[in-house]
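The next block holds one structure in the form of C-alpha cells; read it before the comments.
The values are calculated or read from the model by the stated rules, or taken from the named source; none is laboratory data. Given the structure is predicted, the values throughout are model-derived calculations rather than measurements. Methodologically, a virtual Cβ is constructed for each residue, glycine included, from the backbone with ideal geometry; neighbour enumeration extends over all protein chains shown. Calculation scope for accessible area: heavy atoms of the full protein, side chains included, ligands and nucleic acids excluded. Shrake-Rupley method; radii C 1.70, N 1.55, O 1.52, S 1.80 Å.
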Amino acid sequence: MPASTENESLIIESVPSIESIWQEWSELAVRSDNMFSTPEWASIWWRHFGQGHKLRLSTCRNESRDLVAIFPLYYWRRWPIRVLRFIGHGPGDELGPVVAPDDRRIVAAELLRTLKRERYDVLLAEQLPGLSEWNLLLPGNRILSQGDSPVVRLDYTDWDEYLRSRSQKLRRNIRRQERDLLNSFRVCFRLADDPERFGVDIDTF
C-alpha cells in the first residue's frame with residue numbers, strides 16, 4: 001500500500017482485541033520493519049503481562065479503508081494517576097504505533113487525536129523509533145532519555161569471526177554461557193525462516 005498523504009482524512013476506530021485484526025496487523029507489521037510490532041509479539045506480551053489491565057487498541061485507516069496504523073495502548077495504572085503505555089514495554093526494544101516509517105509523521109497527529117478521547121493523566125511512551133516524528137506529538141512533552149537501538153551487525157563469515165571482533169571479557173562470558181547450556185541441555189541451532197513455525201518460535205523466544 002502506498003504511503004498516505006498529509007491532506008488525506010484518516011479514520012480512528014476502537015477495536016476489541018488483537019485477534020480481531022490479526023491478518024491486517026501482520027501485513028502492516030511487515031511494512032513497519034520491526035519484529036516488536038507484530039501481533040505475535042503483542043499477543044504473547046499481553047497474555048503474560050496484561051492481566052488485570054484494560055486494553056485500549058485503536059486502528060487508523062485512510063479513506064479507502066486501508067490500515068495505516070495501529071495504536072496498541074493499555075491502562076498500566078488507573079490510581080492515583082491514570083497512566084497509558086504501549087504494549088511491549090520491558091522486553092521490547094522498539095515500541096509505539098505500528099506504522100510504516102514513511103507514515104510516522106502523519107500518524108503522530110492522529111495518535112494525538114486518539115489520546116484526546118482517552119481519560120488519562122500521563123502517556124508513558126518508551127523506546128519510540130524515529131523520535132523526531134513522535135516529538136511533534138505533544139507540546140510540552142518531556143523526554144526522559146534517548147539512546148541508540150540495540151543492533152548487532154553480522155557482517156562476518158561465521159560465529160568465531162564475530163567473537164574475535166568482540167572484547168576479551170564478552171568472549172569469555174559468551175563461551176562460559178555456551179558451555180553451561182551444552183552441559184545442561186541438548187542444544188541445536190536453527191534459522192527461524194519457516195512461516196508455519198513462526199508462532200512457535202516466537203513463543204519459545
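Which residues make up the longest stretch of the chain that has no GluC sites (Glu not before Pro) in a DSSP loop with at most 10 other Cβ atoms within 10 Å? Between exposed loop sites, the widest span is 64-205. Solvent exposure of the chain amounts to 66 Å² per residue of accessible area, where only protein heavy atoms count and the probe is 1.4 Å. Anisotropy class assigned to segment 55-116 is prolate, per the alpha carbon gyration tensor with a/c at or over the 1.5 cut-off and a/b larger than b/c.
By the gyration tensor of its Cα atoms, with a ≥ b ≥ c the square roots of the eigenvalues, what is the shape of segment 16-74: rounded for a/c under 1.5, prolate for a/b over b/c, or oblate?
Since a/c reaches 1.5 but b/c is at least a/b, the shape of segment 16-74 is classed as oblate.
With all protein chains present, how much of the accessible area of segment 67-134 (probe radius 1.4 Å) comes from carbon and sulfur, to the nearest whole percent? Could the numbers behind the result be given before it?
On the way: 1470 of 3050 Å².
C and S atoms contribute 48 percent here.
With K and R counted +1 and D and E -1, the other residues having a Cβ less than 14 Å from that of residue 81 yield a net charge of +3. In percent, rounded to a whole number, the relative contact order of the chain is 18, using alpha-carbon pairs under 8 Å and six or more apart. Pairwise inverse Cα distances across the chain, averaged and inverted, put the Kirkwood hydrodynamic radius at 19.3 Å.
Across 187, 200, 68, the residue with the most accessible area heads the list, and the full order at a 1.4 Å probe is 200, 187, 68.
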